Amino acid sequence: MSRTIAFAFPGDLALKTGGYAYDRRVIDGLRNRGWDVQCLPLGDGFPNPSLETKALAEDLLSRLPDGAQVVVDGLAFGVLDTWAERESKRLRIVPLVHHPLALETGLDAEQQQDLAASERKAIACAEHVIVTSSMTARELTSRYGVPSDKVTVAIPGTEPGAPARGEGDPAHIVSIGTLIPRKGHDVLIAALKRIEHLSWTATIVGSHNLSPRTAREIEEQLGESGLAERVNLAGEVADVRPVLASADIFTLASRFEGYGMVFAEALSHGLPIVACRTGAVPDVVPEEAGILTGIDDIDAFAAALGSLVADMELRQRKAEAAGRAGALLPNWDRTVDIIADRLETLP
């Protein structure tokens, strides 16, 4: 039986980030199952849109007919609390929360409080909440008081990847993540500087457009480090799979991740991982497949990278464990099935 749903999202759905990739997969997956999915672009700037953009987004959502079911990406939904309160009795609202907005890096205390308050009010008006990790489910339950039976976890799917080369000399270190403060590329470059005596090259893949200021700072840091000939700031690429297949080590010094799809992709290629013990990262990266350090701990991060660069036996053990873990990850069909089943069974 065909079902109809609206799917609202901020910004550009084509952006190559984990969150937008998730949205695209869900939209395509529902359509492939016979669902009629109406896409509603809400405009740019979320979660800090202009007053005009926010008003236009609320107006667009309010045009939905009575009883319509609408999934709203959490990047926008968390600041649409006034709209949610007004429309919750008329519409069937289901936010898709990648991670709580207040946990984004770079916010001051007042911004964190404001985002937490608006997101808490908005989610209280939802019929149900879909999240992309068990960690986010726990955060919503503990921080926002959302009943656990009101939350469905649908972790991102992962496609099998070609085995990475794994034994390169110099070791090829790959990091994938947009150049924004939360991804911690500044920590990575500082850590690489501390192991410059070892044999390695590095590639950092990720858009420079979401935070031009951060991108400029990373470029300046790299230039001052003297590592520019060894570290390739590759920008955004159409397909990260060949980059991962060319790697020996995957790393990302994120200060927070609601799930971290790129870590799952790295596991699917059998790559040993160096990352930070934060958010959902420990849930995704098994201890035997990687080395996790504290957030912003440059010394520990450098030591972890250095050990995998210098110790081929350790690198191979971690890579084998990563391959085993990657083989157990769910695919996108499973993710979409979970969401479709939940949306169909809501009253």
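The values are calculated or read from the model by the stated rules, or taken from the named source; none is laboratory data. If you're wondering where the values come from, they're calculated on a predicted model, not measured in any experiment. Don't worry about glycine lacking a Cβ; one is built from the backbone with ideal geometry, like all the others, and counts go over all protein chains shown.
The residues in the range 210-226 that are out of contact with any strand residue (DSSP E or B) (no Cβ under 8 Å at 6 or more places or on another chain) and surrounded by 17 or more Cβ atoms within 10 Å (Cβ to Cβ) can be counted, and the count is 3. Flag: LEU188 matches the condition of being within 23 Å of the chain's Cα centre (by Cα) and of a type in the set (A, V, I, L, M, F, W, C). Can you tell me which residue is nearest to ILE249 (Cα to Cα) among those in the range 123-149 that are loosely packed, with under 14 Cβ neighbours inside 10 Å and in contact with a helix residue (DSSP H, G or I) (Cβ under 9 Å, 6 or more places away or on another chain)? Within the range 123-149, the match that is nearest to ILE249 (Cα to Cα) is SER148.
Yes or no, residue by residue, for (1) over 25 Å from VAL237 (Cβ atoms); (2) crowded, with 20+ Cβ neighbours inside 10 Å; (3) among the polar types (S, T, N, Q); (4) in contact with a Ser or Thr (Cβ under 8 Å, 6 or more places away or on another chain):
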{"position": "ALA8", "(1), (2), (3), (4)": "yes, yes, no, no"}
{"position": "LYS16", "(1), (2), (3), (4)": "no, no, no, yes"}
{"position": "ALA21", "(1), (2), (3), (4)": "no, no, no, no"}
{"position": "ARG33", "(1), (2), (3), (4)": "yes, no, no, no"}
{"position": "ASP36", "(1), (2), (3), (4)": "yes, no, no, yes"}
{"position": "PRO41", "(1), (2), (3), (4)": "no, no, no, no"}
{"position": "GLY45", "(1), (2), (3), (4)": "yes, no, no, yes"}
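Among the residues making up the range 54-89, those that are of a type in the set (Val, Ile, Thr) and farther than 21 Å from ARG24 by Cβ are VAL79, THR82. Criterion first (assigned to a loop (DSSP other than H, G, I, E, B), touching a residue at least 12 places away in the same chain (Cβ under 8 Å) and either within 30 Å of ASN209 (Cβ to Cβ) or in contact with a Gly (Cβ under 8 Å, 6 or more places away or on another chain) (or both)) does ALA162 satisfy it? It is true that ALA162 is assigned to a loop (DSSP other than H, G, I, E, B), touching a residue at least 12 places away in the same chain (Cβ under 8 Å) and either within 30 Å of ASN209 (Cβ to Cβ) or in contact with a Gly (Cβ under 8 Å, 6 or more places away or on another chain) (or both).
Would a scan of the range 26-43 turn up a residue that is charged (D, E, K, R), within 25 Å of LEU103 (Cβ to Cβ) and modelled with pLDDT of 95 or more? Checking the range 26-43: not a single residue is charged (D, E, K, R), within 25 Å of LEU103 (Cβ to Cβ) and modelled with pLDDT of 95 or more. Note on the range 308-323: among residues that are without any contact (Cβ under 8 Å) to a residue 60 or more places away in the chain and among the hydrophobic types (A, V, I, L, M, F, W, C), the one that is farthest from ALA266 (Cα to Cα) is LEU314. Enumerate the helices (runs of 4 or more DSSP H) found wholly within the range 234-347, keeping only those where 1 or more residues are within 26 Å of GLU139 (Cβ to Cβ) and among the aliphatic types (A, V, I, L, M). It comes to 261-268, 281-284, 298-310, 312-327, 332-345. Kindly evaluate SER207 against the criterion of being polar (S, T, N, Q), assigned to a loop (DSSP other than H, G, I, E, B) and surrounded by 20 or more Cβ atoms within 10 Å (Cβ to Cβ). Here the answer is no, as SER207 does not meet what is asked. When the range 112-159 is limited to residues that are assigned to a loop (DSSP other than H, G, I, E, B) and over 25 Å from ARG86 (Cβ atoms), the one that is modelled with the lowest pLDDT turns out to be GLU159.
Look at the range 104-129: where a residue is farther than 18 Å from ILE295 by Cβ and a partner is of a type in the set (Asp, Glu), sitting 6+ places away or on another chain with Cβ atoms under 6 Å, you get SER118/ASP81; LYS121/ASP81; ALA122/ASP81; CYS125/GLU85. Can LEU308 be described as buried (at least 17 other Cβ atoms within 10 Å of the Cβ) and within 19 Å of the chain's Cα centre (by Cα)? Spelling it out, it is not the case that LEU308 is buried (at least 17 other Cβ atoms within 10 Å of the Cβ) and within 19 Å of the chain's Cα centre (by Cα). With a requirement of 1 or more residues that are among the charged types (D, E, K, R) and over 21 Å from ALA137 (Cβ atoms), the helices (runs of 4 or more DSSP H) lying completely within the range 1-111 that satisfy it span 18-32, 51-62, 81-87.
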